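Visitor: Got a structure for you, written out below as structure tokens; questions coming shortly.
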2 protein chains.
Amino acid sequence: MPSVIALDAMGSDKAPKPEIEGALQAARHHGARVLLVGPEAQLKAELSRYPGARRLEIDIVHASEVITMDDKVEAIRAKRDSSIRIGLRLVREGRADGFVTAGNTGAAMATARMVLGSLPSVDRPALAAAFPTVLNTAAILVDVGANVDCEPHNLEQFAVMGDIYCRAIFGVKRPRVGLLSIGEEESKGNELTRKAFKLLKHLPLNFVGNVEGRDLYLGQVDVIVADGFVGNVALKSSEGVARLVRAVLKETLKSTITRQVGALLSRNAFSDFKKRLDHTEYGGAPLLGVKGVCFITHGSSNTNAIKNAIRVAAEFAEGHVNETIARELAGLHAKTPVPTH
Amino acid sequence: MPSVIALDAMGSDKAPKPEIEGALQAARHHGARVLLVGPEAQLKAELSRYPGARRLEIDIVHASEVITMDDKVEAIRAKRDSSIRIGLRLVREGRADGFVTAGNTGAAMATARMVLGSLPSVDRPALAAAFPTVLNTAAILVDVGANVDCEPHNLEQFAVMGDIYCRAIFGVKRPRVGLLSIGEEESKGNELTRKAFKLLKHLPLNFVGNVEGRDLYLGQVDVIVADGFVGNVALKSSEGVARLVRAVLKETLKSTITRQVGALLSRNAFSDFKKRLDHTEYGGAPLLGVKGVCFITHGSSNTNAIKNAIRVAAEFAEGHVNETIARELAGLHAKTPVPTH
């Protein structure tokens, strides 16, 4: 029996089109069963335009409200019938095996923590993002924004959860786990990372020590642990550079006729290039440590990104990642004599 | 009378060649007077290969030791006759108006703080890096690694110093100053940034509020304030992405004949592109807040980077940036009723 994934139909910038088409593709190519969560009448009308939709396992669950990217905390709390909240309730009630949204990240994280709660032994759920490396592998950065002002033991748990996620979804047997800092030696970093280093080196993981910002993309480490503030800055700075590079390349390539011809000829290369740097292949970021499966993808997600997020959410559920997290974290504190500070 | 700049002749990865050639170019094109600091015999021999050198204002100051990139704190302290220490002493003694090194950043910062000391009213000197934006302007990030575990008032001082540096060296009349955080509203961020926000908004600066990692490259803000740990992660992550992009582009462009032709035709565009993203144009990072002028450039600095660092260090000295910092910071605490926490 394939997993049932609840999909926030109203999350992305161009919702519900990428969501509906992504759901159709996931159902068609991966045999996924999808619950589209959003305004029923609108979704029914949109879905009816796709002739093949009827034969696929796609149903609609009504949600009357939509959380926007600009909604503040109060607005998010007040919208008790939002597609995010209804979708997460489906997971809590066991009607869905996982939830996917391209909507407001802050709202999705807060609502998931509230509706699903945390797994036993998890103090703070963390958002894990995957990105490409020069070796054409993926690296996972955790946390990228769920927690600011972390304690060392939070980072310890992020390491364990990131390791499990990497093994289960990316198939890395013994992930190399690094701590994001500003210098390789144990003594380098800030107070938080220096304390966290002492905890991480006692974990039954392949801990490779401190790594620096530039190591994120070198492919020498599979899981990188950071507090949510620092992880978010690293991720967003990277997006900024990627945008800068695109803008500058576009401009310089357009500026003469010869170059235009050159650009035309190398067009396919750029499309390959774009694909290799494309985050949408990875299926979004799971909120690790909540009691349920919750994936958050970029607001600019297209059909492909949504399709992949549904696929990966199903793999996450079927791979029993949460059960492994609960078991390994519980075993960790039972067995290992971990120095606290 | 042009400024005298002491240059660590042994700092860069390929020292002393880029240093000697950079010094020659700075002397030739900008009328700079340079003191090359390093092993006298070696530098004399190298310099004698350049026929025009004699007519330029370049002198050698002997330093028998060299700090390597791998030297630990103890080694750095022990090398009392290192080119970094001798160069900074020339500044302290008034024999040079500024110091430039492409060597070990940590060693340069620590030695500068020790040899030069801090300006009055400056609690912690901070390293300021400039980088390119999509609008072809420069943005300054301060601090990029001199201080981890900052207090809110440190960030306040970084803002004031960054603002002055931006006005003096980049000619921006009223720089837009932002605080690096993970969300735009005042309430977003970690404990440090939330407290720093309250201080920054009372400063007599053009404070534009919180900015995110991706805003570093958008050109909508001129000075971005962060604690040294976060700033360093942002900078290094950006370098990592840039390297990833180069690697992927190179690989994809090489993979077919058509693409090779295309790449050949668009070659000039790439060289423009490289130049626009080239940090070496900015002349390195000043350690703001020390009693003297100290610029640190990348270990991979080439002749052009060294030349520009010498030029900018001279501008920094001639622009009386330090006097302005001391005056404005003193005035700030005398006049403005700043809420402490």
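The values are calculated or read from the model by the stated rules, or taken from the named source; none is laboratory data. Nothing here was measured: the structure is a model prediction, and the numbers come from that model. Every residue, glycine as well, gets a Cβ built from its backbone with ideal geometry; the counts of neighbours run over all protein chains shown.
Visitor: Kindly indicate whether A:Ala112 is within 16 Å of the chain's Cα centre (by Cα), farther than 28 Å from B:Asp70 by Cβ and within 13 Å of chain B (Cβ to nearest Cβ).
Guide: The answer is no for A:Ala112.
Visitor: Continuing with the same structure: Tally time: how many residues in the range A:1-46 are of a type in the set (D, E, K, R) and under 19 Å from A:Leu90 (Cβ atoms)?
Guide: Of the residues in that region, 5 qualify.
Visitor: Looking at (1) within 21 Å of the chain's Cα centre (by Cα); (2) buried (at least 16 other Cβ atoms within 10 Å of the Cβ), which one does B:Ile60 not meet, given that it meets all the others?
Guide: (1)
Visitor: Same structure, new question: Just the residues that are more than 19 Å from the chain's Cα centre (by Cα) and under 15 Å from A:Asn304 (Cα atoms), please, taken from the range A:15-31.
Guide: The answer is A:Pro16, A:Lys17, A:Ile20, A:Glu21, A:Leu24, A:Gln25, A:Ala27, A:Arg28, A:His29, A:His30.
Visitor: Determine whether the range B:161-183 contains at least one residue that is in a helix (DSSP H, G or I), among the β-branched types (Val, Ile, Thr), under 25 Å from B:Glu323 (Cα atoms) and in contact (Cβ under 8 Å) with a residue 24 or more places away in the chain.
Guide: Yes, that holds for at least one residue.
Visitor: Taking A:Arg194 as the residue in question, decide whether it is out of contact with any His (no Cβ under 6 Å at 6 or more places or on another chain), basic (Lys, Arg) and more than 30 Å from B:Ala139 (Cα to Cα).
Guide: yes
Visitor: Then there's this: Could you pull out the residue among B:Lys236, B:Lys198 that is basic (Lys, Arg), modelled with pLDDT of 75 or more and buried (at least 19 other Cβ atoms within 10 Å of the Cβ)?
Guide: That would be B:Lys236, the only listed residue that is basic (Lys, Arg), modelled with pLDDT of 75 or more and buried (at least 19 other Cβ atoms within 10 Å of the Cβ).
Visitor: Looking at the range B:131-149, can you tell me whether even one residue there is among the aromatic types (Phe, Trp, Tyr) and within 30 Å of B:Val61 (Cα to Cα)?
Guide: no
Visitor: Restricting to the range B:230-253, and then to whatever is touching a residue at least 12 places away in the same chain (Cβ under 8 Å) and under 16 Å from the mean Cα position of the chain (by Cα), can you tell me which residue is farthest from the other protein chains (Cβ to nearest Cβ)?
Guide: Once the filter is applied, the top-ranked residue is B:Gly231.
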